[in-house]
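Below: the structure, in structure tokens.
The values are calculated or read from the model by the stated rules, or taken from the named source; none is laboratory data. Everything numeric in this text was worked out from a predicted model, so none of it was measured. Cβ placement follows ideal geometry from the backbone for every residue including glycine, while neighbour counts extend to all protein chains displayed. These accessible areas exclude ligands, DNA and RNA; they are computed on the full protein's heavy atoms, side chains included. Shrake-Rupley method; radii C 1.70, N 1.55, O 1.52, S 1.80 Å.
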Amino acid sequence: TRGGGVLMKKPGNNFFKSYRYDSENPESVGSNECYYFRETDEGGLWLTTNGSGINFYNYEKDIFTRLTTDQRNDFGLLNNNTRAIFEDKQGNIWISSFQSGVNILTNSPYRFNYHSFKTDTKKGFQSTSVISFYLENENVLWVGTDGGGLKRVNRSNGITNTFQPVNEDKYFFPD
């Protein structure tokens with residue numbers, strides 16, 4: 001949403017419930033600007049926000065937990081402006097952030113690892129603003145960036161290929 005918070009409809013109910021940021025309530029959604037949602041098998045919902053990191057909504061308790069940058073902790077988010085989110089087959093949650101690469105929430109409680117998709121600056125393009133993910137198969141992850149091309153990441157060997165538009169044509173990519 002662009003400032004509208006979260007609207008949620010629970011199964012079996014014909015009404016929507018509105019969740020909005022409340023500075024007096026630390027268990028409210030952390031921002032009224034929410035982008036991507038990812039439901040979990042454990043009864044919760046991850047959502048990315050503008051300025052409040054990622055939030056986890058617990059259906060049973062009807063509360064939000066905010067995971068943000070933490071200057072005292074080397075394992076917090078790199079940036080609170082988060083965008084895309086997906087879960088791989090190993091249960092890791094991948095969160096893209098605006099201008100800070102990718103945060104990977106491992107199975108350990110709220111501990112992040114990081115991956116940067118910076119490319120060779122000699123070729124004239126570099127971007128750490130990741131805006132989308134697509135998991136082609138267990139080993140191939142496609143990463144869309146804002147200004148840094150489309151990345152194809154082979155997760156088994158770590159090789160990243162970058163595809164850039166030809167001749168400044170943003171809609172044509174080489175074979």
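Remarks
- Count of region 33-65 residues which are in contact (Cβ under 8 Å) with a residue 12 or more places away in the chain, surrounded by fewer than 19 Cβ atoms within 10 Å (Cβ to Cβ) and in a loop (DSSP other than H, G, I, E, B): 6
- Members of region 85-127 that are closer than 19 Å to G147 by Cβ, part of a strand (DSSP E or B) and modelled with pLDDT of 75 or more: S96, S97, G101, V102
- Taking the numbered list (1) open to solvent by 80 Å² or more (accessible area, probe 1.4 Å); (2) without any contact (Cβ under 8 Å) to a residue 40 or more places away in the chain; (3) under 14 Å from the mean Cα position of the chain (by Cα); (4) closer than 25 Å to G148 by Cβ in turn, R2 passes all entries but (3).
- Some residue of region 150-165 being among the hydrophobic types (A, V, I, L, M, F, W, C), open to solvent by less than 50 Å² (accessible area, probe 1.4 Å), in contact with a strand residue (DSSP E or B) (Cβ under 7 Å, 6 or more places away or on another chain) and modelled with pLDDT of 80 or more: yes
- Any chance D22 is open to solvent by 20 Å² or more (accessible area, probe 1.4 Å), over 16 Å from the mean Cα position of the chain (by Cα), under 30 Å from N137 (Cβ atoms) and of a type in the set (D, E, K, R): no
- Here L77 fulfils each of the conditions (1) of a type outside the set (G, A, S); (2) at pLDDT 85 or above; (3) at negative phi apart from (2).
- The set of residues in region 3-59 that are of a type in the set (D, E), modelled with pLDDT of 90 or more and out of contact with any Lys or Arg (no Cβ under 7 Å at 6 or more places or on another chain) comprises D22, E24, E27.
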